[in-house]
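**Q** Take this structure, written in structure tokens, and hold onto it; I'll ask about it next.
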Amino acid sequence: MLLTGMRSYVSERWLRPALMLALLGAAAFLGMHASTTYLLGMLGLFAVVVFVKRLELGLVALLVAGLSVPFTIGTGTQTELNLAFLMVPALFALWLIAQLIRGNARIASSRVNMPLVALVASSLLSFVAGNIPWNYFAQTAGMPAQLGGLALFVFSVALFFVTANQIRDLRWLKVLCAILLGLGVLGVVVRAIPQVLPFATRVLPDQVLSGSLFWVWIVAMAGGQALFNVGLKWHWRVALFAFAVATVAIGLFFGRGWVSGWLPPLVALMALIWLRAPRLVAALTGLGILLINFQYPDLLTNLVQLKAYSIDTRIVAWQILIENIIPSSPILGLGPANYYFYTPLYPILGYYVNFNSHNQYVDLVAQIGLVGLAIFFWLMLSIARVGWELRHRVGDGFARGYVYACLGGLAGTLWAGMHGDWFIPFVYNIGIAGFRASMLGWLFLGGLIALEQIQRKRADVQDS
């Protein structure tokens, strides 16, 4: 009662007049001191007011800005902070403010809550333990780098949490999917024939186009709706499936040997096809392997030889990390970003240099330990179980396509982790710039939990 009375008093007597006076004062100040910085500040204040009322718009703005706005803030180091990275903690804070104002805080009841909290707690504990001198001959990363590495863990979970707890209407998931697919069309054109739409190269930054998860989730969303949304007209389903296949094919033939640009999306698409028609796909897959082996008997050997140096260096890097560096602190890890400064103590192919693992899972063990890796897989398994159980409880339209898209996207995302740090970028590899693409997994999988809550609410209404 007291909280409700305070909320009503603040919102009705003070909040609106205060906002009006603040806006009028800011407008007058801007008129006398014209500046781009002040204008951006005004726009930011306006966005805060709007997003407190309708935070779903903030998630839409995050997706658009994170994928297409090149604006960054320098840090005085080689790392810049992009809008996606900056907007996530702001949206989380606005979510908390909105709950306080409304006085009806609700947290989605889901099996993923415990592993989410555990992953944040594990990351914080590893951050603290990372400053213990596990090896007296090794240095640790600078505090800005450690904080940046920690933020990549915490902000990823925060984005998942806000999406899961804020979206209460299926139309917002449709809007997010439409935006992703629209930008995906531009991305495919940039890859294949950039001269056709030259402006598209300015809409999508290189950090997005070079993010494996950008392509994974484009293929997953298009393929999920094409194969499982029976509410779509047949020509739209054919077009979406053709788009998903074309995205993979263009990545293969125009990707200049970048395996992460086509193999993880292919895994996502194959997972969806297997879920749609497992027996048929099993037969076709076996037949395809036989035909490829008959037509191109040396294909696998040639691919391995082409990537021999990359494969060899990665295997050696994993061996050094697993045998020499990770044992220094296997339970909690060496803390975010720190293992990079342990690596010069051990030669890789005869050179004493800094290197990273180029593997999400080795990175996780090195940074947050075996405990953190176990929690990560606990979270992924929990998300997969939600999707698996939800797939038969939703209707045959968009919602069903979305659930299956998340299952396929999760498969592609986990596979991408074998090629590099994509789900949670490593500061000294893809860096904070990689959050532009990695946020997609957390955003859309958070939407899966939101869909779980929507479906649960509908089931309760039907039962009552």
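The values are calculated or read from the model by the stated rules, or taken from the named source; none is laboratory data. Just so you know, these numbers come straight off a predicted model, no measurement behind them. Virtual Cβ from ideal backbone geometry, glycine too; neighbours counted across all protein chains shown. These accessible areas exclude ligands, DNA and RNA; they are computed on the full protein's heavy atoms, side chains included. Shrake-Rupley method; radii C 1.70, N 1.55, O 1.52, S 1.80 Å.
**Q** Residues of segment 271-303 being modelled with pLDDT of 90 or more and surrounded by fewer than 18 Cβ atoms within 10 Å (Cβ to Cβ), which ones?
**A** Matches in segment 271-303: Trp274, Arg276.
**Q** Let me ask something additional. For segment 170-193, indicate whether the set of residues that are assigned to a loop (DSSP other than H, G, I, E, B) and crowded, with 19+ Cβ neighbours inside 10 Å is non-empty. If you could, list the steps in order and put the result at the bottom.
**A** Start the filter on segment 170-193 by keeping residues that are assigned to a loop (DSSP other than H, G, I, E, B), which leaves 193.
Retained after the next criterion (residues that are crowded, with 19+ Cβ neighbours inside 10 Å): none.
No - not one qualifying residue is present in segment 170-193.
**Q** Moving on. Just checking, how many residues over segment 204-234 are open to solvent by less than 50 Å² (accessible area, probe 1.4 Å) and either acidic (Asp, Glu) or part of a helix (DSSP H, G or I) (or both)? Can you show your working first?
**A** Within segment 204-234, the subset open to solvent by less than 50 Å² (accessible area, probe 1.4 Å) is 204-205, 208-209, 211-229.
If we keep only those that are either acidic (Asp, Glu) or part of a helix (DSSP H, G or I) (or both) as well, we get 208-209, 212-228.
Selection size over segment 204-234: 19.
**Q** Pick out the one residue from Arg256, Arg237 that is in a helix (DSSP H, G or I), without any contact (Cβ under 8 Å) to a residue 24 or more places away in the chain and among the basic types (Lys, Arg).
**A** Values: Arg256 fails: in a helix (DSSP H, G or I).
It is Arg237.
**Q** Could you count how many residues in segment 340-364 are farther than 14 Å from Pro425 by Cα and open to solvent by less than 30 Å² (accessible area, probe 1.4 Å)? Spell out how you get there, then give the answer.
**A** Here is the first cut: in segment 340-364, the ones farther than 14 Å from Pro425 by Cα are 341-355.
Right, trim to open to solvent by less than 30 Å² (accessible area, probe 1.4 Å) and you get 342-343, 348, 355.
Of the residues in segment 340-364, 4 are farther than 14 Å from Pro425 by Cα and open to solvent by less than 30 Å² (accessible area, probe 1.4 Å).
**Q** Report every pair of residues separated by at least 6 positions or lying on different chains whose Cβ atoms are under 9 Å apart, first residue within segment 431-452 and of a type in the set (Lys, Arg), second open to solvent by 10 Å² or more (accessible area, probe 1.4 Å) and in a helix (DSSP H, G or I).
**A** Taking only residues 6 or more apart or on different chains, the pairs are Arg436/Leu83; Arg436/Phe85; Arg436/Gln207.
**Q** Which of the residues spanning segment 405-435 are open to solvent by less than 10 Å² (accessible area, probe 1.4 Å) and either among the hydroxyl-bearing types (Ser, Thr, Tyr) or touching a Cys at 6+ places or on another chain (Cβ under 9 Å) (or both)?
**A** Ala405, Thr413 - these are the residues of segment 405-435 that are open to solvent by less than 10 Å² (accessible area, probe 1.4 Å) and either among the hydroxyl-bearing types (Ser, Thr, Tyr) or touching a Cys at 6+ places or on another chain (Cβ under 9 Å) (or both).
**Q** With respect to the numbered conditions (1) out of contact with any Ser or Thr (no Cβ under 7 Å at 6 or more places or on another chain); (2) closer than 30 Å to Asp312 by Cα; (3) of a type in the set (D, E, K, R), which one is the sole condition not fulfilled by Arg456?
**A** (2)
**Q** Tell me, yes or no, whether segment 97-114 has at least one residue that is part of a helix (DSSP H, G or I), in contact with a Pro (Cβ under 8 Å, 6 or more places away or on another chain) and either closer than 30 Å to Gln455 by Cα or not acidic (Asp, Glu) (or both). Full working, then the answer.
**A** Pass one, segment 97-114, residues part of a helix (DSSP H, G or I): 97-102, 113-114.
If we keep only those that are in contact with a Pro (Cβ under 8 Å, 6 or more places away or on another chain) as well, we get none.
Within segment 97-114 (the criterion being part of a helix (DSSP H, G or I), in contact with a Pro (Cβ under 8 Å, 6 or more places away or on another chain) and either closer than 30 Å to Gln455 by Cα or not acidic (Asp, Glu) (or both)), the answer is no, since none of the residues qualifies.
**Q** Moving on to the next point. Looking only at segment 98-113, decide whether some residue is modelled with pLDDT of 85 or more, of a type outside the set (S, T, N, Q), within 18 Å of the chain's Cα centre (by Cα) and surrounded by fewer than 19 Cβ atoms within 10 Å (Cβ to Cβ).
**A** no
**Q** Filter segment 120-159 for residues that are part of a helix (DSSP H, G or I), open to solvent by less than 10 Å² (accessible area, probe 1.4 Å) and farther than 21 Å from Val371 by Cα and give the result.
**A** Leu159
**Q** Further question: Out of everything in segment 393-404 that is of a type outside the set (A, V, I, L, M, F, W, C) and either open to solvent by less than 10 Å² (accessible area, probe 1.4 Å) or touching a Phe, Trp or Tyr at 6+ places or on another chain (Cβ under 9 Å) (or both), what residue ends up being farthest from Gly447 (Cα to Cα)? Don't jump to the end; show me each part of the working.
**A** Residues of segment 393-404 that are of a type outside the set (A, V, I, L, M, F, W, C), as a first pass: 393, 395-397, 400-402, 404.
Right, trim to either open to solvent by less than 10 Å² (accessible area, probe 1.4 Å) or touching a Phe, Trp or Tyr at 6+ places or on another chain (Cβ under 9 Å) (or both) and you get 396, 400-402, 404.
Working: Asp396: 18, Arg400: 13, Gly401: 13, Tyr402: 9, Tyr404: 12 Å.
Of everything passing the filter in segment 393-404, Asp396 is farthest from Gly447 (Cα to Cα).
**Q** Kindly indicate whether any position in segment 410-417 is within 13 Å of the chain's Cα centre (by Cα), at pLDDT 95 or above, outside any loop (DSSP other than H, G, I, E, B) and of a type outside the set (A, V, I, L, M).
**A** Taking every residue of segment 410-417 in turn, at least one turns out to be within 13 Å of the chain's Cα centre (by Cα), at pLDDT 95 or above, outside any loop (DSSP other than H, G, I, E, B) and of a type outside the set (A, V, I, L, M).
So that you can scan it fast, the table gives a plain yes or no per residue for (1) touching a helix residue (DSSP H, G or I) at 6+ places or on another chain (Cβ under 8 Å); (2) assigned to a helix (DSSP H, G or I); (3) more than 16 Å from Ala129 (Cα to Cα):
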{"position": "Ile331", "(1), (2), (3)": "yes, no, no"}
{"position": "Pro336", "(1), (2), (3)": "yes, no, no"}
{"position": "Val353", "(1), (2), (3)": "yes, no, yes"}
{"position": "His358", "(1), (2), (3)": "yes, no, yes"}
{"position": "Tyr361", "(1), (2), (3)": "yes, yes, yes"}
{"position": "Ala366", "(1), (2), (3)": "yes, yes, no"}
{"position": "Trp388", "(1), (2), (3)": "yes, yes, yes"}
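**Q** Now, a different point. Is at least one residue of segment 433-450 over 18 Å from Ser156 (Cβ atoms), at pLDDT below 95 and among the aliphatic types (A, V, I, L, M)? Explain how you work it out, then say what you get.
**A** Of the residues in segment 433-450, the ones over 18 Å from Ser156 (Cβ atoms) are none.
No, segment 433-450 contains no residue that is over 18 Å from Ser156 (Cβ atoms), at pLDDT below 95 and among the aliphatic types (A, V, I, L, M).
**Q** Considering only segment 160-169, state which residues are open to solvent by less than 40 Å² (accessible area, probe 1.4 Å) and either outside any helix (DSSP H, G or I) or touching a His at 6+ places or on another chain (Cβ under 7 Å) (or both).
**A** Across segment 160-169, the qualifying residue is only Ile167.
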